[in-house]
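A quick write-up on the structure given underneath.
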């Protein structure tokens, strides 16, 4: 039951973040405003916060994935897509959990491939 709820929440989060990123990019293209955004102290703090989270998630991905190429591709996705890649990765991990497993298997079980 908890796994199903988490799958639903991850799907909603993934769809929501895709919507937010796409509509924001259409309304205000990021690279047209990059110089201005880079001058805002909160933007710098946000980027440091984001990449600290990516570093922690990358360590988890490296633990989970035995295939280094697959791990590297996911880490690139985390760096480039942020929460879109994070929710997609967690969602895929949730679908790999067996019905007999505890939801903690998502966190602690390493991949066989």
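Counting residues in the stretch 41-60 that are within 14 Å of the chain's Cα centre (by Cα) and not in a helix (DSSP H, G or I) gives zero. Checked against (1) more than 14 Å from the chain's Cα centre (by Cα); (2) loosely packed, with under 15 Cβ neighbours inside 10 Å, residue 12 passes all but condition (1). For beta carbons closer than 7 Å, sequence separation of 6+ or different chains, a first residue in the stretch 31-42 that is at negative phi and free of Cβ contacts under 8 Å to residues at least 40 places away in the same chain and a second that is surrounded by 10 or more Cβ atoms within 10 Å (Cβ to Cβ) and in a helix (DSSP H, G or I), the qualifying pairs are 37/43. Total residues in the stretch 1-52 satisfying the condition of being modelled with pLDDT of 90 or more, within 30 Å of residue 99 (Cα to Cα) and touching a helix residue (DSSP H, G or I) at 6+ places or on another chain (Cβ under 8 Å): the figure is 8. Only one entry in 61, 90 is out of contact with any strand residue (DSSP E or B) (no Cβ under 7 Å at 6 or more places or on another chain), within 22 Å of residue 8 (Cβ to Cβ) and in contact (Cβ under 8 Å) with a residue 12 or more places away in the chain, namely 90.
Counting the residues of the stretch 90-111 that are out of contact with any helix residue (DSSP H, G or I) (no Cβ under 6 Å at 6 or more places or on another chain) and part of a helix (DSSP H, G or I) gives 6. The single residue among 69, 78 that is surrounded by fewer than 12 Cβ atoms within 10 Å (Cβ to Cβ), under 18 Å from the mean Cα position of the chain (by Cα) and part of a helix (DSSP H, G or I) turns out to be 69.
The values are calculated or read from the model by the stated rules, or taken from the named source; none is laboratory data. Since this is a predicted model, take the numbers as computed values, not measurements. Because the Cβ atoms are built from the backbone with ideal geometry, glycine has one as well, and the counts that use them run over all protein chains shown.
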